[in-house]
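Asker: Can you read through this structure? Questions will come right after.
The values are calculated or read from the model by the stated rules, or taken from the named source; none is laboratory data. The structure displayed is predicted, hence computed values, not measured ones. Positions of Cβ are generated from backbone atoms using ideal geometry, with glycine treated the same way; all protein chains shown enter the neighbour counts. Just so you know, the surface numbers come from the protein's heavy atoms only, side chains and all, with ligands and any DNA or RNA stripped out. Shrake-Rupley method; radii C 1.70, N 1.55, O 1.52, S 1.80 Å.
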Amino acid sequence: MTDGKNGLTYADSGVDIDAGNRLVDMIKPLVRATARSGADAEIGGFGGLFDLKAAGFTDPVLVAATDGVGTKLKIAIETGLHGGIGIDLVAMSVNDLVVQGAEPLFFLDYFACGRLDPEAAAAIVAGIAEGCRESGCALIGGETAEMPGLYKDGDYDLGGFAVGAAERGTLLPRGDIEAGDAVIGLASSGVHSNGFSLVRKIVEQSRLAYDAPAPFSPVMTLGGALLTPTRLYVRSCLRAIRETGAVKGFAHITGGGFTDNIPRVLPKHLGVGIDLARLPVLPVFKWLAEQGGIAELELLRTFNCGIGMIAIVKSDAVEQVTDVFKESGEAVTPLGEVVKAEGERRVVYNGHLDLAQ
């Protein structure tokens, strides 16, 4: 076969196959560290395998979730701080699985960029592997796509895909949620991975650089503080489900905040009453509210405000469930109770957030 007229190669178009192969070699040990019963976490084939029987399931229902990290990625790209963003990617999907009572089993990632930087990509995958290990799920595959012309050099996007399982008949939310059930909250680690288009706009208006000290946490840079990874709730929530038998439902507080996420796990005729004065508002949200002049209801519909997971619990088992969560390392706050819905209002707020800095 004769050479082409111009002798062009794939690398000339901006795609470096050798860099991709080098990345695979760099991340293989990270991936192997996520092995669990049912998966050996080896990569390099055309698909990942998982053995449900080896994982101990007898009559499982599979639950799948997918998500990304959103415009939080822009801060990681601008600061060069890529390590925690992989944890965010895992958390956004596996937290959604455990809300349904499912144990995360395996995870796959999709990484797309303009030009592959193997070191930066390896840092991201290291975070993905850490998130998988902390959640007890295997990283069994993924895809790296180098697409010059679609993404600028330095830009990238991430997608995550998680599959979990629960034994038939154990899925959440349960059908016996009723008025009087308790609503308790598990503390968040920060902004998590929602509302960052507004966060970035507020930072722009503040004229602060991402490498400046964070006004709400001066020992950290603003960029580093905002990039605090999403908290992983999998192990603590699974333990509470299995050890108490008293958890009736969970709501992962993501985009839509309290207002839109809590009703997703409730029967149509029920809502919740939330005592806002009990909500432990983190300093980052107080700063965002003050800098952006954000109204209270807008804050509650955009951010987690300090609570990343809501649990609906039998009223006579609150202490038992709380003890299990605390033993698992969670900070727990009683927030209110399940009530009869008042028309279209499914989340009724009582009092006000403490936004004093």
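Asker: I'd like the full set of residues that are touching an Asp or Glu at 6+ places or on another chain (Cβ under 8 Å) and open to solvent by 20 Å² or more (accessible area, probe 1.4 Å), limited to the range 201-238.
Answerer: The answer is Tyr210, Thr221, Pro229, Leu232, Arg235.
Asker: Separate question: Quickly run through the range 241-252 and pick out the residues that are open to solvent by 10 Å² or more (accessible area, probe 1.4 Å) and small (Gly, Ala, Ser).
Answerer: Gly245
Asker: Restricting to the range 253-276, give me the number of residues that are touching a strand residue (DSSP E or B) at 6+ places or on another chain (Cβ under 8 Å) and either open to solvent by 40 Å² or more (accessible area, probe 1.4 Å) or in a helix (DSSP H, G or I) (or both).
Answerer: Going through the range 253-276 one residue at a time, the tally reaches 10.
Asker: Report, ordered by the first and then the second residue, all pairs with beta carbons closer than 8 Å, sequence separation of six or more or different chains, a first member in the range 8-25 that is farther than 10 Å from Glu146 by Cβ, and a second member that is at pLDDT below 75 and buried (at least 16 other Cβ atoms within 10 Å of the Cβ).
Answerer: Here the result reads Val24/Ile43, each pair linking the range 8-25 to a residue that is at pLDDT below 75 and buried (at least 16 other Cβ atoms within 10 Å of the Cβ).
Asker: Looking only at residues that are charged (D, E, K, R) and under 23 Å from Pro263 (Cα atoms) in the range 155-193, which one is least open to solvent (accessible area, probe 1.4 Å)?
Answerer: That would be Asp181.
Asker: Among the residues of the range 99-115, write down those that are over 26 Å from Ile241 (Cα atoms), of a type in the set (Gly, Ala, Ser) and out of contact with any Pro (no Cβ under 8 Å at 6 or more places or on another chain).
Answerer: Listed by number, the list holds a single entry, Ala112.
Asker: So which residues in the range 294-353 are open to solvent by 30 Å² or more (accessible area, probe 1.4 Å), in a helix (DSSP H, G or I), touching a helix residue (DSSP H, G or I) at 6+ places or on another chain (Cβ under 6 Å) and not polar (S, T, N, Q), if there are any at all?
Answerer: Passing the criteria: only Arg301.
Asker: Does the range 57-73 contain at least one residue that is open to solvent by 50 Å² or more (accessible area, probe 1.4 Å), over 18 Å from the mean Cα position of the chain (by Cα) and under 17 Å from Glu143 (Cβ atoms)?
Answerer: Looking through the range 57-73, none of the residues is open to solvent by 50 Å² or more (accessible area, probe 1.4 Å), over 18 Å from the mean Cα position of the chain (by Cα) and under 17 Å from Glu143 (Cβ atoms).
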